[in-house]
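The values are calculated or read from the model by the stated rules, or taken from the named source; none is laboratory data. No experiment lies behind these values; they were computed from the predicted model shown. When we count neighbours, we look across all protein chains shown, and the Cβ atoms used for this are built from the backbone with ideal geometry, even at glycine.
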Amino acid sequence: MLYATAFNKKNNRANAYLANEILEASPQKLLIKVYDFAIVHCKKGNMEKTNKALQELINALRFDDEKAKDIAIGFLKLYQFCQEQMRKGETEIVYKILTDLREAWLTIFNRTPA
C-alpha cells in the first residue's frame, strides 16, 4: 500500500509538471509535441493514438485564411493519407512522413525569431 501511495504521488507530480509544461508552451512547441506523440505511437504501431494525434493536427488547420487555405488543404490530404495508412498497418510510411514534417517544422522555427 505504501508503494502505491508513493507511486501515485510521483505520478501526480509528473502529471502536474506535464500539464504546466503544455499550458506554458508556445504554439510551435505544442505542434512539435503533437508530432512527437504521433511519432512515438506510430513507431509502437498504435493506430488509435497516432490517428488521434493526426486528428489534432487536422483540427489545427486554418481554412478561413485565404493565404493559408491551399497549404491547409495540402496538409489535410497528407494527414488523412497518414490516417488511412495507419488503418492499413503501413506504419513505416507514416513514420517517415511524420518525422520529415517534424524536422521541417523545426527548421522553420529555428530560422524564425520567437
task: Output yes when any residue across region 58-65 is of a type in the set (Phe, Trp, Tyr) and not in a helix (DSSP H, G or I), and no when none is.
output: yes
message: So if I check each of ASN59, ASN51, ASN11, ASN46, which one is modelled with pLDDT under 95 and over 16 Å from TRP105 (Cα atoms)?
response: ASN11
message: List pairs: first residue in region 76-92 and without any contact (Cβ under 8 Å) to a residue 12 or more places away in the chain, second residue in a helix (DSSP H, G or I) anywhere in the structure, Cβ distance under 6 angstrom, at least six positions apart or on different chains.
response: GLN85/ILE93; GLN85/VAL94
